Amino acid sequence: MDFTLQKLEKQFRILQITDMQVIDASQRRTPDRLRIDEQKAWPPSQFDALCGNQIRSLVAQTRPHLIITTGDNVYGSFDDNGTVLEWFCRLMDSFGIPWAPVFGNHDNESKKGIDWQCEQLEKSKFCLFKRGNVTGNSNYSVGIAEGDRLIRILHMADSNGCLLKKGLYPDQLALIRERSRRHPGVPGLMAFHIPVQEFLDAEQAKGYGEQYTIGADVPAKDGDFGFKLEEVRPIRTESFIPFLKECSIDGVFVGHCHSVCTHITYEGIRWVYGLKTGQYDYHVLGNLGGTLITLEDDSFAVRHVPALASYAPFPGRALMFRNTFAGEEE
């Protein structure tokens, strides 16, 4: 294991946050990159109101032992001087809770470069992060143990969103396979950013259709829940389900799709889109938050947790933005 955490209570709680996509409007590369309301809504002074307070709300509600971030932690093309990532690392460290990030398809866009970004994560006090020596920049494992006994492995992987050929590469899977073989029979979870084709296979096998809310538009099966309101363009990985079963992985967690938050069981594996956490970019109004994974004995439970802090569905339409825009009526 690259890192090992002790399970000291009956339950071990993991909070997944995803797609925070924090931006600094003053760092936009062209004057017309954002709408005027977005430019005024996203100065550094608003980072807490627009993202930080939502994460604080989730931590307070769930009291996690570990936080995982499944990509697009910041929007790199709005962070060429690196101050957004520095803010994000300070925020995450402020909880005093181990946190484990992977890269999304927007993190790597900063002109500061991936070497600098990895260095910031590696030096953050409570960050569990290892760049790895395989394809991508966030490939490592976190073990959960009770005393000397390893009870679960969390495999973090880079879905290589900033490469021309996105996906999970053979050397990445080989690393996970090798780690799993060292601990035969220990169940695992896997977390990365962009969903694989099997997420679509799962919903098709259940007959859920193209866009739906489970329990409203279609009946829930096998404890499935959530909604899908956008087209998904997955990455493809050969023989992925046999690979997962070989490695005793029974849960896969991703982000990337802001209008999808489904939990579907298929082939004995839970396929979970985390609830989008940050306000920037499109999202379903009233549906921002995180996803709680609760480990107990040999099983785990999953539920989405809404952020209770105030937020603006559209910049300029919440009390926090009163008088932000010239000429706006009360």
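Measuring r between the beta carbons of SER239 and ALA205 and using R0 = 25 Å, the FRET efficiency lands at 0.90. Legend: translational diffusion of region 141-237 by Stokes-Einstein, Rh = Kirkwood radius over C-alpha pairs, 20 °C, 1.002 mPa s; D = 136 µm²/s. Springs join every pair of Cα atoms under 10 Å in this Gaussian network model of the chain, and among ASN160, ASN81, ASN137 the largest mean-square fluctuation is at ASN81. So what's the back-of-envelope 222 nm ellipticity for the chain, counting only DSSP H runs of four-plus at -39500 (n - 2.57) apiece and dividing by all residues, rounded to 500? Estimated from H runs of four or more residues: -6000 deg cm²/dmol.
The convex hull of the Cα atoms of region 175-303, projected and averaged over all directions, covers 8.3 nm². Net charge in the neighbourhood of LYS245 (other residues with Cβ under 15 Å of its Cβ; Lys, Arg +1, Asp, Glu -1) is -3. The radius of gyration of the Cα set in the chain, together with its Dmax, comes out at 19.3, 65 angstrom. Once the Cβ-Cβ distance of ARG303 and GLU230 is raised to the sixth power relative to R0 = 25 Å, the FRET efficiency obtained is 0.70. Comparing MET156, MET190, MET20 in a Gaussian network model of the chain, where Cα atoms under 10 Å apart are tied by springs, the biggest mean-square fluctuation is seen for MET190. Each of CYS127, GLY286, ILE36 was scored by the projection of its Cα onto the charge dipole of the chain, and the greatest displacement toward the positive side belongs to CYS127; charges sit on the C-beta of Lys, Arg, Asp and Glu.
Taking region 139-168 and a reference point 7 angstrom along Cα→Cβ of ASN133, no backbone N atom is nearer than 13 Å. Computed from the C-beta positions of LYS125 and THR4 and an R0 of 22 Å, the FRET efficiency is 0.80 to the nearest 0.05.
Remark: region 3-321 carries a charge dipole of roughly 440 debye about the Cα centre, counting +1 on each Lys and Arg Cβ and -1 on each Asp and Glu Cβ. For region 118-174, the relative contact order works out to 24 percent when only alpha carbon pairs closer than 8 Å and six or more residues apart are counted. Pairs from the list LYS130/LYS228; LYS112/LYS165; LYS165/LYS228 with a Cα-Cα gap above 27 Å: LYS130/LYS228.
Along region 171-182 the Karplus relation, 6.51 cos²θ - 1.76 cosθ + 1.60 evaluated at θ = phi - 60°, assigns HN-Hα couplings of 5, 5, 5, 5, 5, 5, 4, 5, 5, 5, 5, 5 Hz to successive residues, with x for each Gly and Pro. With a sphere of radius 15 Å drawn around the Cβ of ASN287, what net charge do the other residues whose Cβ falls strictly inside it have (Lys, Arg +1; Asp, Glu -1)? Local net charge: 0. Taking Cα atoms only, the orientation of helix 53-62 departs from the longest principal axis of the chain by about 30 degrees. Gain on full extension, evaluated as 0.36 nm per residue between ASP281 and ASN81 minus their Cα-Cα distance, stands at 69.9 nm.
Among HIS256, HIS283, HIS183, the largest mean-square fluctuation in a Gaussian network model of the chain (Cα springs under 10 Å) belongs to HIS183. Here the extension length gained between ARG29 and ARG177 equals 49.1 nm, from 0.36 nm per residue of separation less the Cα-Cα distance. Quick one: P(r) of region 1-160 from all Cα-Cα pairs, 5 Å bins, percents rounded to integers, in order of increasing distance. The distribution over region 1-160 is 2, 9, 18, 21, 19, 14, 9, 5, 2, 1, 0, 0, given as percents. Approximating the spin labels as points 7 Å out from Cα along Cα→Cβ, the LEU163-to-ASP115 distance works out to 2.0 nm.
Throughout, read-outs are computed from the coordinates displayed, never taken from laboratory work. Quantities reported herein were computed from a predicted structural model and do not represent experimental measurements. Methodologically, a virtual Cβ is constructed for each residue, glycine included, from the backbone with ideal geometry; neighbour enumeration extends over all protein chains shown.
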